[in-house]
Amino acid sequence: MAIDIDTARKVAKLARIRVEEGDLPALAGKLSGILGFMEQLNEVDVTGVEPMTSVTPMRLKRRADVVTDGDLQAQVLKNAPDAREGFFAVPKVVE
Amino acid sequence: MSNTWTIAAARDALRKGEITAVDLTMSCLTAIDAGDGLNAFVHKTPEIALEQARTADARIAGGDAPAMCGIPLGIKDLFCTKGVPSQAASNILKGFKPEYESTVTSKLFDAGAVMLGKLNMDEFAMGSSNETSAYGNAVNPWKRKGSNVQLTPGGSSGGSAAAVAADLCLAATGTDTGGSIRQPAAFTGIVGIKPTYGRVSRWGVVAFASSLDQAGPMTKTVRDAAIMLQAMAGHDPKDSTSADIPVPDLRRR
Amino acid sequence: MPAEIEALWAKGVEMMRDAGATVRDISLPHTKYALPAYYVIAPAEASSNLARYDGVRYGHRAKLTAGDGITEMYEKTRAEGFGPEVQRRIMVGTYVLSAGFYDAYYNRARKVRALIKRDFDLAFADGIDAILTPATPSAAFGLGEMSDADPIQMYLNDVFTVTVNLVGLPGIAVPVGLDAQGLPLGLQLIGRPWDEASLLNHAHVLESRAGFVAKAEKWW
């Protein structure tokens, strides 16, 4: 299925990646090529097949619902581009 | 020249006292500095390496020497290493120094292994030629007969493959989501194994595709792959998809 | 498949037979769909995993201009921080997971993945201990040689390896010989789940028979 420019713009928006208007046609072309390659999957009869979720049928392990660490504020914020007063700082979210 | 050794040979020489981990590490550090043209090591950690080597020598002298003790390794940039840049060859993680250690590197260090530095790769392990790296590509030590054309070491673990093939380290860690250990190993004439999904913990490895990612060793021989995988493998409560299945003795043959 | 790879594979078969293996040709009919299935599933998972890189908790944050809000921060940060291939895969993943396409791409790929897994389960149930394949469709290529090719050409490099990830099996690449231009070529052995010990033993046999000792001539 060919991706048109509007779809490319929408996908970029959903992915939260800024794409300049002038770059959309090239992007749409590349995405169309890749998705065209996947069309082969339509040849396969998948009637009655369950989608695979895990390579080994195993039950995920559970652990006790207890706190295992904490007091890590300094470490958690250490790599933040902007941290103030013990918080991550971001541009204004609510007008 | 001990940088050209296999893990098995180095382990035996270390245990017999024929070489020290510090000497072995120095030999690799010298090779690494001479190998800058390969662009395999993107963050060198000589201070950490020598510190770990000294500790390894003390352990060996005390008779406590697991197989990986004193073995100098390169670590793919996808593994989080505490206090050491770990940026998955991406500009979006520029300057990121984790406050924690991946399970795989923890296990290797607990076994006495030495970290020489971080290795080049495709950005977020997405690529088959190392050309998507924010550091620029690593280069394959091999060239075509009579040609000067520089070749890809493959990807995504291209820095790991180039470093092992060029004897900059005895072995390296790699990760494999679609062939990222095996394809570069084949392109550089070394051995690379992707273990069964769940055999090796993914905790602290920057995630690409979580149902496919597995870490594994990249080595000069199959025997070395067995020795190193033994130290990397095993259940980890911090990775819920790591299998609670005993790891058999891989080194028996 | 290139003749040189075909010949190497045949040589590997002979080495294993020589070492006492019983060699059987097997068919894994769905593996020809492994590559397209992989390039749906891997980007889908990546688009989710890489959502965390938003310029808030670690790494790069784009310089913002007056009036930029949090959405602009995300979009500019991710456009600056991710390279073109990573951006492409995130967007492919976003698309195949988006409303209206989830079943057509993502769920279909996961169903095909189940069928590929069944192929391997049947082969192992039939008494196969290990599967020998080429590791790559060619020797190492030149840097920049593929830069003009469309992404699919690069993805084809993974044709022998992605299948193993989709089904979660252990796989090992072993150097077996040199091509006509003096470059290393490898073969891949695929083992039973959790049986790395046997896989390594088989690989050791292949390695011993191949006797690959060549090293790159030092130029660096």
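Counting the residues of segment C:156-167 that are surrounded by fewer than 24 Cβ atoms within 10 Å (Cβ to Cβ) and part of a loop (DSSP other than H, G, I, E, B) gives 1. Screening the candidates C:ALA210, C:ALA197, C:ALA173 for the property of being facing another protein chain (nearest Cβ under 8 Å), surrounded by fewer than 21 Cβ atoms within 10 Å (Cβ to Cβ) and closer than 26 Å to B:ASP249 by Cβ yields one hit, C:ALA197. Scanning segment B:174-221 for residues that are closer than 18 Å to C:HIS204 by Cβ and of a type in the set (Lys, Arg) yields B:ARG182, B:LYS194, B:LYS220.
Based on this model, can you work out whether B:ALA165 counts as at the interface with another protein chain (Cβ under 7 Å from one of its Cβ atoms), in contact with a Lys or Arg (Cβ under 9 Å, 6 or more places away or on another chain) and either over 22 Å from C:GLU85 (Cβ atoms) or not acidic (Asp, Glu) (or both)? Yes.
If the condition is being at the interface with chain C (Cβ under 7 Å from one of its Cβ atoms) and among the polar types (S, T, N, Q), then segment B:168-200 contributes B:THR177, B:GLN183, B:THR188, B:THR196. Residue under question is C:TYR53, and the condition is that it be within 7 Å of another protein chain (Cβ to nearest Cβ), free of Cβ contacts under 8 Å to residues at least 60 places away in the same chain and under 17 Å from A:PHE37 (Cβ atoms); does it hold? Spelling it out, it is not the case that C:TYR53 is within 7 Å of another protein chain (Cβ to nearest Cβ), free of Cβ contacts under 8 Å to residues at least 60 places away in the same chain and under 17 Å from A:PHE37 (Cβ atoms). Sort out which residues of segment B:195-239 are touching a Lys or Arg at 6+ places or on another chain (Cβ under 6 Å) and within 26 Å of C:TYR106 (Cα to Cα), and write them in order of number. Matches in segment B:195-239: B:TRP203, B:ASP213, B:GLN214, B:ASP239. Can you report the number of residues in segment B:70-95 which are crowded, with 22+ Cβ neighbours inside 10 Å and farther than 20 Å from B:SER160 by Cα? Residues in segment B:70-95 being crowded, with 22+ Cβ neighbours inside 10 Å and farther than 20 Å from B:SER160 by Cα: 1 in total. Taking the numbered list (1) over 27 Å from B:TYR197 (Cα atoms); (2) in a loop (DSSP other than H, G, I, E, B) in turn, C:ARG209 passes all entries but (2). Scanning segment B:101-145 for residues that are surrounded by 24 or more Cβ atoms within 10 Å (Cβ to Cβ), outside any loop (DSSP other than H, G, I, E, B) and free of Cβ contacts under 8 Å to residues at least 60 places away in the same chain yields a single hit, B:GLU123. Selection within segment A:51-95: residues that are under 30 Å from C:ALA34 (Cβ atoms) and touching a helix residue (DSSP H, G or I) at 6+ places or on another chain (Cβ under 6 Å). The member of this set that is surrounded by the most Cβ atoms within 10 Å (Cβ to Cβ) is A:MET52. Of the residues B:ALA209, B:ALA171, the single one that is within 18 Å of B:ARG223 (Cβ to Cβ) and touching a Ser or Thr at 6+ places or on another chain (Cβ under 9 Å) is B:ALA171.
Residue by residue, here is whether (1) within 13 Å of chain B (Cβ to nearest Cβ); (2) basic (Lys, Arg); (3) on the phi < 0 side of the Ramachandran plot holds:
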residue	(1), (2), (3)
C:ARG61	yes, yes, yes
C:ASP68	no, no, yes
C:GLN87	yes, no, yes
C:ARG108	no, yes, yes
C:ARG118	no, yes, yes
C:ALA125	no, no, yes
C:ILE131	no, no, yes
C:SER138	yes, no, yes
C:ALA149	yes, no, yes
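With C:GLU85, C:GLU145 as the choices, which residue is surrounded by fewer than 23 Cβ atoms within 10 Å (Cβ to Cβ) and without any contact (Cβ under 8 Å) to a residue 24 or more places away in the chain?
Values: C:GLU85 fails: without any contact (Cβ under 8 Å) to a residue 24 or more places away in the chain.
After applying the criteria, what remains is C:GLU145.
Within segment C:28-49, the set of residues being more than 7 Å from every other protein chain (Cβ to nearest Cβ) and free of Cβ contacts under 8 Å to residues at least 60 places away in the same chain comprises C:LYS32, C:PRO43, C:SER48. Applying the condition of being in contact with a strand residue (DSSP E or B) (Cβ under 8 Å, 6 or more places away or on another chain) and small (Gly, Ala, Ser) to segment B:40-60 and asking which residue is surrounded by the most Cβ atoms within 10 Å (Cβ to Cβ) yields B:ALA40. Just so you know, in segment C:183-194 the residues that are of a type outside the set (A, V, I, L, M, F, W, C) and facing chain B (nearest Cβ under 7 Å) include one that is surrounded by the fewest Cβ atoms within 10 Å (Cβ to Cβ), and it is C:PRO193. Note on segment B:128-156: residues that are closer than 18 Å to B:SER86 by Cβ and facing chain C (nearest Cβ under 7 Å) total 2.
Name the one entry in B:GLY63, B:GLY17, B:GLY70 that is touching a strand residue (DSSP E or B) at 6+ places or on another chain (Cβ under 8 Å) and part of a loop (DSSP other than H, G, I, E, B).
On the way: B:GLY63 fails: touching a strand residue (DSSP E or B) at 6+ places or on another chain (Cβ under 8 Å); B:GLY17 fails: touching a strand residue (DSSP E or B) at 6+ places or on another chain (Cβ under 8 Å).
Unique residue meeting the criteria: B:GLY70.
Each value in this text was obtained by applying a stated rule to the coordinates, not by laboratory testing. As the structure is a computational prediction, the values presented were derived from the model and not from experiment. Cβ sites come from the backbone with ideal geometry, for glycine too, and all protein chains shown count toward neighbours.
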